[in-house]
Amino acid sequence: MTTLKMPVSSRDHILGDEDAPITLLEYGDYECPHCGAAHPVVKALLQRYPDDVRYIFRHFPLTQIHPHAEAAAETAEFADSYDRFWEMHNLIFENQDRLSIPFLFSAAESLGLSVERLQQALRSGEFSRRVRQDFLSGVRSGVNGTPSFFINGERHNGSYAFTDLSEAIENQLELASRRAA
C-alpha cells in the first residue's frame with residue numbers, strides 16, 4: 001500500500017476538526033471530470049461524518065491534458081490569500097463545465113476579489129510554487145492520476161464512489177475504535 005510522503009500540516013487546506021480520527025486527503029485537478037464527479041461525493045462524506053472526518057485538498061494539475069488546471073489551482077491559492085480558498089474551490093468545481101480564464105476572473109469578482117490582482121498573480125506565477133509543491137508531494141506519494149485519495153495516510157485504491165469511500169472510512173473508524181478499547 002502506498003503511503004503519503006508529505007504529512008498534513010498547517011500549510012494544507014483543511015476542512016473539519018483537526019482531531020478527527022479520519023483524515024481524507026485528495027490530490028485533485030480542477031479540470032479533471034473525475035475530480036468534478038468526486039466533489040459532491042466528498043461533500044456528502046463530510047455531511048455524513050461531520051465529527052469523524054477532516055478533509056484536505058492538494059493540487060495535482062494534469063497540465064498536459066487539462067489546459068486550465070494550473071490557472072484554476074493558482075486562482076484557488078490566490079483566493080486563499082484572502083481566506084476564501086474553499087469558496088473558490090467550490091465555485092470552480094461547481095462550474096467545471098465553464099472553466100476558462102474569463103470564468104476564473106468572474107469567479108474572483110463574484111467573491112469580491114480583485115480581478116486585476118488575480119491577473120497580475122497569474123501573469124507573475126505568484127502562486128505557481130505553492131501548486132508545484134503540492135504536485136511534487138503527490139508524485140513522491142505515488143500519485144499518477146486524479147482524483148487520488150489517501151485515508152489516514154494510506155492510498156485508497158478503491159473508486160471515489162460514495163459507497164467505496166464511506167466503507168473505507170467505516171473500516172478506519174472501526175480500527176480506531178478497537179485501538180482505543
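Can you confirm whether the stretch 64-84 contains a residue that is basic (K, R), part of a loop (DSSP other than H, G, I, E, B) and closer than 24 Å to G138 by Cβ?
Within the stretch 64-84, one or more residues are basic (K, R), part of a loop (DSSP other than H, G, I, E, B) and closer than 24 Å to G138 by Cβ.
Quick one: in the stretch 6-43, of everything that is surrounded by fewer than 14 Cβ atoms within 10 Å (Cβ to Cβ) and among the charged types (D, E, K, R), which residue is nearest to P67 (Cα to Cα)?
R11
Quick one: in the stretch 102-153, which of the residues that are among the aromatic types (F, W, Y) and part of a helix (DSSP H, G or I) is surrounded by the most Cβ atoms within 10 Å (Cβ to Cβ)?
That would be F135.
Rundown of residues vs (1) farther than 22 Å from P61 by Cα; (2) over 19 Å from the mean Cα position of the chain (by Cα); (3) modelled with pLDDT of 95 or more, yes/no style:
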{"site": "L113", "(1), (2), (3)": "yes, yes, yes"}
{"site": "S159", "(1), (2), (3)": "no, no, yes"}
{"site": "F162", "(1), (2), (3)": "yes, no, yes"}
{"site": "L173", "(1), (2), (3)": "yes, yes, yes"}
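All but one of (1) without any contact (Cβ under 8 Å) to a residue 60 or more places away in the chain; (2) under 16 Å from H13 (Cα atoms); (3) acidic (D, E) hold for D134; state the number of the condition that does not hold.
(1)
Pairs, please: C-beta under 9 Å, at least 6 apart or cross-chain, first residue closer than 15 Å to H39 by Cα and in the stretch 161-181, second surrounded by 12 or more Cβ atoms within 10 Å (Cβ to Cβ) and among the polar types (S, T, N, Q)?
L165/S159
Please tell me if F93 is buried (at least 20 other Cβ atoms within 10 Å of the Cβ) and modelled with pLDDT of 95 or more.
Yes, satisfied.
For the stretch 57-80, state whether one or more residues are among the small types (G, A, S), crowded, with 19+ Cβ neighbours inside 10 Å and either touching a Cys at 6+ places or on another chain (Cβ under 9 Å) or over 23 Å from L113 (Cα atoms) (or both).
Yes, the stretch 57-80 has at least one match.
Against the definition (farther than 21 Å from V8 by Cβ and either modelled with pLDDT under 95 or not polar (S, T, N, Q) (or both)), how does L99 come out, yes or no?
So L99 fits the description; yes.
Identify the residue in the stretch 37-63 that is assigned to a helix (DSSP H, G or I) and under 12 Å from H89 (Cβ atoms) and, among all such residues, is farthest from the chain's Cα centre (by Cα).
My answer is K43.
The values are calculated or read from the model by the stated rules, or taken from the named source; none is laboratory data. Here the structure is a predicted model, which is why all the values come from computation and not from measurement. Glycine gets a Cβ as well: all are built from the backbone with ideal geometry, and neighbour counts include every protein chain shown.
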